[in-house]
Amino acid sequence: MTPRDLRHLAPPEPMEIILDAAEQMQSGDTLAWVLPHHPSPLLPMLERDGLQYRFELAGDGGVVLFLTRP
């Protein structure tokens, strides 16, 4: 899976893209995005929707957010 790079977008567009995609996810789906920093305001929303997430450092800066619907 190749993460979609959202670092070039101005807030709140990356959050909106992630939340829209999360609504479409089916059980077992995993998606990934490259972000410029840790998205702290987004995490409670993901948790509220029962989504699991993890982060990895991006090799060229930023973080990769992996989102899974159990």
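Points worth noting:
- Failed criterion for residue 6 (all others in (1) out of contact with any Lys or Arg (no Cβ under 8 Å at 6 or more places or on another chain); (2) within 10 Å of residue 69 (Cβ to Cβ) hold): (2)
- Residue pairs meeting the criteria (Cβ under 6 Å; at least 6 apart or on separate chains; first within 10 Å of residue 34 (Cβ to Cβ) and part of a loop (DSSP other than H, G, I, E, B), in the range 48-65; second open to solvent by less than 70 Å² (accessible area, probe 1.4 Å) and β-branched (Val, Ile, Thr)): 58/34; 58/64; 62/34
- Of all the residues in the range 40-61, those that are surrounded by 12 or more Cβ atoms within 10 Å (Cβ to Cβ) and either modelled with pLDDT under 95 or closer than 12 Å to residue 19 by Cα (or both) number 7.
- Subset tally (residues that are aromatic (Phe, Trp, Tyr) and either open to solvent by 40 Å² or more (accessible area, probe 1.4 Å) or part of a helix (DSSP H, G or I) (or both)) for the range 1-34: 0
- Verdict on residue 37 being closer than 20 Å to residue 60 by Cα, out of contact with any strand residue (DSSP E or B) (no Cβ under 8 Å at 6 or more places or on another chain), open to solvent by 70 Å² or more (accessible area, probe 1.4 Å) and not polar (S, T, N, Q): no
The values are calculated or read from the model by the stated rules, or taken from the named source; none is laboratory data. Fair warning: this is a prediction, and the values are worked out from it, not measured in the lab. We place every Cβ from the backbone using ideal geometry, glycine too, and count neighbours over all the protein chains shown. Areas reflect the complete protein model, heavy atoms only, side chains present, ligands, DNA and RNA absent. Shrake-Rupley method; radii C 1.70, N 1.55, O 1.52, S 1.80 Å.
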